[in-house]
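What follows is one structure encoded as structure tokens, with my remarks underneath.
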Amino acid sequence: MTKTDPAATLEPALQDARRGFLRDLDWRRYVIYIGFVVVFAFFAILLGDQGFLSPNNLLNILSQTATIAVIAVGMTFVISAAEIDLSVGSVAGLSSVTAAMTISSLGLIPGIIAGLLVGVVVGSVNGALVSMLGIPSFLVTLGMLGVAVGTAQYITDSAPEPILDDTFNNIFGSGSIGPIPVLVVWAVVAVVIGAIVLGRTRYGRQVLATGGNRTAAEYTGIRTRRIKFTVLLVSAVVASIAGMLYAGRLQSGRFQWGDGDELSAIAAVILGGTSLFGGAGTVVGTAFGALLIGLINNGLVLAGLESSQQQIVRGAIIILAVALARKK
């Protein structure tokens, strides 16, 4: 009777398992993390003698990225539900001037409430038009982009609105907790809350189900219209908070704050691994997508590239984001 060597029997099975693992592994899920490490290492080597790795510069990258990261967290929910929100940048600008004007006339608390109400009103309008009337979110939010930025420009006569309230400025952008800028704290809080809600709660599962297959989601009892309404509402409210972060950091409200942030937020979301077609989303990946964009912007500035050249690279990032998107 021939005795079988267990090791000889086990080895082919292990090889088959390894081949199956490599075949099934979706490398696109890790592109953002690999890309972040590669880009960071590239700039660290190229610009190490220009202060790229200095603590001040690294904190500066985090601070400059924080506001986009906050907006992108809300955008992750919208895109995961197979919708889009192009109004977030203009909502941030309108919120900043509304908060600034209200603070100067009524005080701190009314100013914060007024800034948040901008997001509530805009988000409710966007959500109602999309969920109740069935108008595509692309068209609704594109129109709202113009309405919000035009309103902000009209009520301020295109002039900045200074904010002299030190408490507001410290809470929403200029302050710090020890060595950590308060902007970074806001971004971390937004990412943690967003990641828990999207990945660990029933609501998050309903958002992903709505974006993945709306008909199937409705058959399981999910009120998809309400989901679409709420994700657009959340996105606008988060954008209004970002607008106040701009106002606090720059100590003024202005209609230009947030200009173009919708494109940066969408790029961060898609680069982070959220499907452009809905049904799959990751808030942590979105945060790394925002960090990657901030890292590239900072590196380009230190490298001495002109503004036009920086625009070309940013545009290439957005094209790359769309190229990486796929339906899951």
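The values are calculated or read from the model by the stated rules, or taken from the named source; none is laboratory data. Worth saying up front: this structure is predicted, and the values here are computed from it rather than measured. Cβ atoms come from the backbone with ideal geometry, glycine included; neighbour counts cover every protein chain shown. Calculation scope for accessible area: heavy atoms of the full protein, side chains included, ligands and nucleic acids excluded. Shrake-Rupley method; radii C 1.70, N 1.55, O 1.52, S 1.80 Å.
Mind putting a number on the dipole of the chain about its Cα centre? Charges go on the C-beta only, +1 for Lys and Arg and -1 for Asp and Glu, and I need it in Debye to the nearest 20.
On the way: 20 positive and 17 negative charges, 257 e Å.
Here the size comes out at about 1240 debye.
Given a 10 angstrom Cα cut-off, can you work out which residue in A239, A92, A148 is the most mobile in a GNM of the chain?
A148
Less than 14 Å Cβ to Cβ from S174, Lys/Arg counted +1 and Asp/Glu -1: what total charge do the surrounding residues give?
With Lys, Arg at +1 and Asp, Glu at -1, the neighbours total -1.
Rounded, prolate or oblate: which one fits region 39-325, using the alpha carbon gyration tensor with axes a ≥ b ≥ c (rounded when a/c is under 1.5, else prolate when a/b beats b/c, else oblate)? Don't skip to the end; give the middle numbers.
On the way: a/c = 1.69, a/b = 1.15, b/c = 1.47.
It is oblate, given that a/c is not under 1.5 and a/b is not larger than b/c.
Taking the Cβ of A236 as the center, what net charge do the other residues with Cβ under 14 Å away carry, scoring Lys and Arg +1 and Asp and Glu -1? Spell out each step's value before the answer.
Values: positive: K228; negative: E83, D85, D261, E262.
Overall, the nearby charge balance is -3.
Using 7 Å Cα-to-Cβ label points, what is the A128/E306 separation (nm, one decimal)?
4.9 nm
Give the accessible surface of the chain per residue, rounded to a whole number of Å², with probe radius 1.4 Å and ligands, DNA and RNA excluded.
Working: 16170 Å² over 328 residues.
Heavy-atom accessible area per residue stands at 49 Å².
In terms of the Cα gyration tensor, with a ≥ b ≥ c the square roots of its eigenvalues, is region 94-213 rounded because a/c is under 1.5, prolate because a/b exceeds b/c, or oblate?
Working: a/c = 2.71, a/b = 1.24, b/c = 2.19.
In terms of gyration-tensor shape, oblate.
Where does helix 307-324 land angle-wise versus the long Cα axis of the chain, in degrees 0 to 90, nearest 10?
That helix lies at roughly 50 degrees to the long axis.
With a ≥ b ≥ c the root eigenvalues of the C-alpha gyration tensor of region 100-159, is it rounded (a/c under 1.5), prolate (a/b larger than b/c) or oblate? Numbers along the way, then the final one.
Details: a/c = 4.91, a/b = 1.78, b/c = 2.76.
Since a/c reaches 1.5 but b/c is at least a/b, the shape of region 100-159 is classed as oblate.
Could you pull out every residue, at least 5 positions away or on a different chain, whose amide H is within less than 5 Å of the one on S252? Hs are placed 1.01 Å off N in the peptide plane, and Pro or chain starts have none.
Result for S252 returns I163.
Would you mind telling me which residue in L292, L208, L142 has the biggest mean-square fluctuation in a Gaussian network model of the chain, where springs connect alpha carbons within a distance under 10 angstrom?
For the chain, modelled as a Gaussian network with Cα springs under 10 Å, the answer is L142.
Keeping the other protein chains in place, figure out the carbon and sulfur percent of the accessible area of region 176-328, with a 1.4 Å probe. Don't skip to the end; give the middle numbers.
Working: 4410 of 7030 Å².
C and S fraction of accessible area: 63 percent.
Ordering D85, D166 by accessible area with a probe of 1.4 Å, largest first, what comes out? Write down the numbers at each step before the final one.
Values: D85 0, D166 105 Å².
The most accessible residue leads, giving D166, D85.
Any idea what angle helix 88-106 forms with the longest principal axis of the chain, computed on alpha-carbon atoms, 0 to 90 degrees, nearest 10?
Approximately 40 degrees, to the nearest 10.
Leaving ligands and nucleic acids out of the surface, order W257, W186 by accessible area at 1.4 Å, largest first. List each step's numbers first, then the result.
Numbers: W257 55, W186 75 Å².
Ranking W257, W186 by accessible area, largest first, yields W186, W257.
Using θ = phi - 60° and the Karplus form 6.51 cos²θ - 1.76 cosθ + 1.60, what ³J(HN,Hα) does each residue of region 254-267 get, whole Hz, x for Gly and Pro?
Values, residue by residue: 8, 5, 6, 4, x, 4, x, 5, 4, 5, 5, 5, 4, 4 Hz.
So for R226, R254, what's the accessible-area order with a 1.4 Å probe, most first?
Details: R226 115, R254 75 Å².
The most accessible residue leads, giving R226, R254.
At 7 Å along the Cα-to-beta-carbon direction for both D166 and I319, put a label point, then send me their distance in nm to one decimal.
5.0 nm
More than 21 Å apart: what percent of Cα pairs in region 170-328 qualify?
Everything past 21 Å amounts to 55 percent.
What net charge is computed for the residues neighbouring V149, neighbours being all others with C-beta under 12 Å from the C-beta of V149, Lys and Arg scored +1, Asp and Glu -1? Can you show the working numbers first?
On the way: positive: R254; negative: D259, D261, E262.
Charge balance near V149 sits at -2.
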